[in-house]
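Structure first, then comments.
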Amino acid sequence: MKYLDGFRNPEAAAAITADIKEFAEKLPKDRIFRLMEVCGSHTMAIARYGIRDLLPENVSLLSGPGCPVCVTAAGYIDAALELARQGKIIASFGDLLNVPGSDGNLAAARSEGISIEVCYSPLAALDIARKNPGREVVFLAIGFETTIPTGTSLVLRAQQENLNNISILTAFKTVPPALEALVSDPELRIDGFLLPPHVSAIIGSDAYRPFTDKHHLPCIIAGFEPLDMLYGLEGLLKQLLENRGELENQYSRVVKPRGNLKAIDLINTYLEPCGPIWRGIGKIPGSGLELREKFAEYDAAKKFGIEISAGNPDSRCRCGEVLKGKILPEGCPLFGKACTPGSPVGPCMVSSEGSCAAYYKYSRSK
């Protein structure tokens, strides 16, 4: 804990909060300045530490689509269920089991006796494949750049071991194209981004420069501790006050300009860009990664002729608007009533990084 105490110092937090309020008071009074944290882990940490409650009234902090479980389309769950009902063994992280598809989820299918195994690592799926040589095993490979290398390493290991009964169903997504989609939406009008630290550790801070050079929006990479986030928000407001729109890396203790070169090389070797469907947002060109054609034998969609569609999510759920920052979780009529962590209607209430789950746990009205 001694290494964290410096990032949780109350006196330092009070000083930065005072600076935030001072900067906010000097901004134009005729509108609300809308800042967005993109990372789902930021969302949970901001709620946990009450960061929103420290902000002035003219600063609104919105949650973005940085939760990989939340942006996974209902049609992806439908495809996984179809494969499971065909007799394939589905291997998945546990937080995906309760994500609703068009009609049901993986947890319900598992309770019916269908072969769905929970993994704590993608490589655990290899153990399942080794123990079941007569069965096809499909790993549900979702995530942003943070977890894409580990999901891809499963294919590398399967090649090395000549395991031919394992494949991955990909729903890999990348952050920079999502930023482009968000600023292109005229209804959002985002004034600055708090960028995701874990993703940035993989892709590097330089990966955002084409975006910031084009749009001249304040963008700051910040860590997860209270002072990290407050310092990041202070930096965004200072840039707005000075009429600047630049990229700042305040998490340089972890994030380097070029990122993790070994992870990037693995990604580039096995994967190529695609245009996946984001729940609530739709298809974003170039925002995903899928296996290259020469690795098609490990691509479950191609191997078994499965098509991933948008699916038919519950029309009552407003998770898509939450993911885009158009409404807060409490703006959904289902929030805390029909939709709770114990009985989620939408994925934003399922994931430990989901906006609705964060608000339910820490911020909902008592």
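When the convex hull of its Cα atoms is viewed from all sides, the chain shows a mean projected area of 18.8 nm².
Computed in the context of the full set of protein chains, the accessible area of the chain at 1.4 Å probe radius has 50% of its extent on carbon or sulfur.
Just the Cα atoms of the stretch 223-366, one point each, no solvent: what log10 I(q)/I(0) does Debye give at q = 0.09, 0.17 Å⁻¹? Log10 of I(q)/I(0), two decimals: -0.47, -1.19. So the label point goes 7 Å from the Cα of R244 along Cα→C-beta, right? Which residues of the stretch 194-223 then have their backbone N under 20 Å from it? Zone members listed by number: 194-196, 205-223. The loop-placed trypsin sites (Lys or Arg not before Pro) in the stretch 225-265, going by DSSP, that have at most 16 neighbouring Cβ atoms within 10 Å of their Cβ come out as R244, R253, R258. Within a straight-line Cα-Cα reach of under 19 Å, K21 can be paired with the following aspartates and glutamates, leaving aside sequence neighbours fewer than 8 residues apart in one chain: E11, D30, E37, D53, E57, D191, D228, E234, E242. What number comes out for the charge environment of L61, summing +1 per Lys or Arg and -1 per Asp or Glu over other residues with Cβ under 13 Å away? Net local charge, L61 excluded: -3. Checked against a 23 Å cut-off, the cross-linked pairs K256/K324; K173/K326; K173/K238; K214/K262; K324/K361; K173/K294 give Cα-Cα distances beyond that limit for K256/K324; K173/K238; K214/K262.
Among 29-36, 164-171, 151-158, sorting by the average number of other beta carbon atoms lying within 10 angstrom of each residue, highest first, gives 164-171, 151-158, 29-36.
In this structure the amide hydrogen of V99, modeled in the peptide plane, comes within under 5 Å of the amide hydrogens of L106, none closer than 5 places in sequence on its chain. Near N132: Cβ cut-off under 11 Å, other residues only, Lys/Arg at +1 and Asp/Glu at -1. The net charge is +1.
State, as an integer percentage, the relative contact order of the stretch 255-356 based on alpha-carbon contacts under 8 Å between residues 6 or more apart.
Value for the stretch 255-356: 17 percent.
Electrostatic tally near I114: other residues with Cβ closer than 13 Å to its Cβ, Lys and Arg +1, Asp and Glu -1, net +1.
Residues whose amide H falls under 5 Å from that of E136, counting only those 5 or more places apart or on a different chain, are I89, with hydrogens built in the peptide plane. Evaluating 6.51 cos²θ - 1.76 cosθ + 1.60 at θ = phi - 60° for every residue in the stretch 278-286, the Karplus couplings come out as 9, 4, x, 10, x, 8, 10, x, x Hz, glycine and proline recorded as x. Residues within the reach of a label modelled at A18 (point 7 angstrom out along Cα to beta-carbon, backbone nitrogen below 17 Å), restricted to the stretch 31-60, are 54-56. The lysines within cross-link reach of K88, meaning a Cα-to-Cα straight distance under 22 Å and a gap of 8 or more places when in the same chain, are K131, K302, K303.
Which residues in the stretch 36-74 place their backbone N less than 19 Å from a point set 7 Å from the Cα of Y120 along the Cα-to-Cβ direction? Counting only backbone N, you get no residues. Averaging the sequence gap over all C-alpha pairs within less than 8 Å and six or more residues apart, then dividing by the number of residues, gives the stretch 203-289 a relative contact order of 29 percent.
With a ≥ b ≥ c the root eigenvalues of the C-alpha gyration tensor of the stretch 318-366, is it rounded (a/c under 1.5), prolate (a/b larger than b/c) or oblate?
On the way: a/c = 1.28, a/b = 1.17, b/c = 1.09.
Cα axes put the stretch 318-366 in the rounded bin.
Only the Cβ atoms of Lys and Arg (+1) and of Asp and Glu (-1) were treated as charged; on that basis the dipole of the stretch 111-193 about its Cα centre amounts to roughly 400 debye.
Which whole-number percentage describes the relative contact order of the chain, with Cα contacts under 8 Å and a sequence gap of 6 or more? Please report the intermediate quantities before stating the final value.
Values: 705 pairs, mean separation 84.7, N = 366.
RCO, the chain: 23 percent.
Classify the stretch 173-261 as rounded, prolate or oblate, taking a ≥ b ≥ c as the square roots of the eigenvalues of its Cα gyration tensor: rounded when a/c is under 1.5, otherwise prolate if a/b is larger than b/c and oblate if not.
Numbers: a/c = 1.68, a/b = 1.15, b/c = 1.46.
Since a/c reaches 1.5 but b/c is at least a/b, the shape of the stretch 173-261 is classed as oblate.
Estimated at 0.36 nm per residue, the fully extended path between K131 and D213 surpasses their Cα-Cα distance by 24.4 nm.
Cα centroids of the stretch 297-366 and the stretch 223-294: 22 Å apart.
The values are calculated or read from the model by the stated rules, or taken from the named source; none is laboratory data. Predicted, not measured: the structure shown is a model, and the values here were computed from it. In this analysis, Cβ positions are derived from the backbone assuming ideal geometry, glycine residues included, and neighbour counts consider all displayed protein chains. The area values use the complete protein model at the heavy-atom level, side chains included, leaving out ligands, DNA and RNA. Shrake-Rupley method; radii C 1.70, N 1.55, O 1.52, S 1.80 Å.
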